[in-house]
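Just below is one structure, and these are the notes that go with it.
The values are calculated or read from the model by the stated rules, or taken from the named source; none is laboratory data. Source: prediction; values computed, not measured. Heads up, the Cβs are rebuilt from the backbone with ideal geometry, glycines too, and the neighbour counts pull from every protein chain shown. We work out accessible area using only protein heavy atoms, side chains counted, and drop any ligands, DNA or RNA first. Shrake-Rupley method; radii C 1.70, N 1.55, O 1.52, S 1.80 Å.
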Amino acid sequence: MKYQIKKANELTEKEIEHILQLWEVTEWNMMKPDYFRVFFKDSEFHLLLDDTSEILAIIRVNFDFTLKILEEEYSFAEVVGFVATLRKKGYGSRLIQYFTENVKERNRETIGFCHSELRPFYEKHEIEILYDKAKMIKENRGSEWINSDDDDILIFKVSDERKKLLSQLSTKNNAYLITKE
């Protein structure tokens with residue numbers, strides 16, 4: 001197995017097709033490779049590959065992620081699209097290990113999110129979890145701000161100052177996801 005990092009424009013058409021199949025996002029099923037490369041231009045793809053370069057697991061890192069907390073904006077790299085081709089084979093575990101080492105080596109402020117049923121996986125891999133804090137992040141949907149549907153914030157690499165800010169999120173101290181037009 002090998003670990004590889006690619007930007008969207010470095011992915012082959014075959015890799016893009018496989019990634020879209022793994023993600024199972026209905027509205028992306030028919031996305032063409034050229035559009036994929038533009039749509040995910042602010043992303044980086046962390047891949048665990050077998051000996052024939054087939055994808056075994058993937059993590060997408062979104063670099064266009066900003067939270068507004070207490071009137072200040074904080075940018076993070078956001079872990080999304082984490083999936084392994086087969087469960088219980090260790091592919092996801094291996095990729096998380098490589099990924100976590102890479103983030104720390106590059107000193108990149110990186111967070112992710114998960115639902116409560118996935119906590120045991122991240123706990124097993126010693127990823128710090130801010131339990132029930134993701135629900136304190138508001139996302140703009142049309143004309144209203146709604147709570148995130150994730151439960152927890154995953155800390156892959158974050159400064160102590162930012163970790164403290166995230167850990168202090170509450171119903172009276174929300175974070176707001178800032179989207180750029």
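What the phi angles of the range 157-172 give under the Karplus curve with 6.51, -1.76 and 1.60, with θ = phi - 60°, is a coupling list of 6, 8, 4, 4, 4, 5, 4, 4, 4, 5, 6, 8, 4, 7, 5, 9 Hz, glycine and proline written as x. Toward the positive end of the charge dipole of the range 1-159, with +1 on the Cβ of Lys and Arg and -1 on the Cβ of Asp and Glu, the farthest Cα among 46, 116, 30 is that of 46. Distant-in-sequence amide contacts of residue 151, defined by a placed amide H-H separation under 5 Å and a gap of 5 or more residues or a different chain, comprise 114, 115, 116.
For the range 30-180, the solvent-accessible area works out to 55 Å² per residue, with a probe of 1.4 Å and every protein chain left in place. Spin-label model, residue 139/residue 94: points 7 Å from Cα along the beta carbon direction are separated by 3.1 nm. Using a probe of 1.4 angstrom, how much of the accessible area of the range 3-94 is carbon and sulfur, in percent? In the range 3-94, the share of accessible area belonging to carbon and sulfur is 47 percent.
Under a 5 Å amide H cut-off, with hydrogens placed 1.01 Å from N, residue 137 pairs with 148, 175 among residues at least 5 apart or on other chains. Couplings 3J(HN,Hα) of the range 76-91, computed from phi: 9, 7, 10, 7, 9, x, 7, 7, 10, 5, 10, 7, 6, 10, x, 5 Hz, in residue order, whole Hz [Karplus 6.51 cos²θ - 1.76 cosθ + 1.60, θ = phi - 60°; x for Gly and Pro]. For the range 107-181, the gyration tensor built on C-alpha atoms gives a prolate shape. Its axis ratio a/c (a ≥ b ≥ c) is at least 1.5, and a/b is the larger of a/b and b/c.
Given +1 at the Cβ of Lys and Arg, -1 at the Cβ of Asp and Glu and no other charges, the dipole of the chain around its Cα centre is 280 debye to the nearest 20. With R₀ set to 30 Å, the beta-carbon distance separating residue 132 from residue 64 gives a calculated FRET efficiency near 0.75. Computed about its Cα centre, the charge dipole of the range 51-133 is approximately 440 debye, with only Lys, Arg, Asp and Glu carrying charge at their Cβ. Using the Cα centre of the chain as origin and beta-carbon charges of +1 (Lys, Arg) and -1 (Asp, Glu), tell me which of 55, 176, 9 is placed farthest towards the positive end of the dipole. It is 55.
Computed over the chain, the per-residue total of -39500 (n - 2.57) for DSSP H runs of n ≥ 4 gives a 222 nm mean residue ellipticity of -7500 deg cm²/dmol, rounded to 500. Taking 0.36 nm per residue of separation and subtracting the current Cα-Cα distance, fully stretching the chain between residue 106 and residue 27 would add 25.1 nm.
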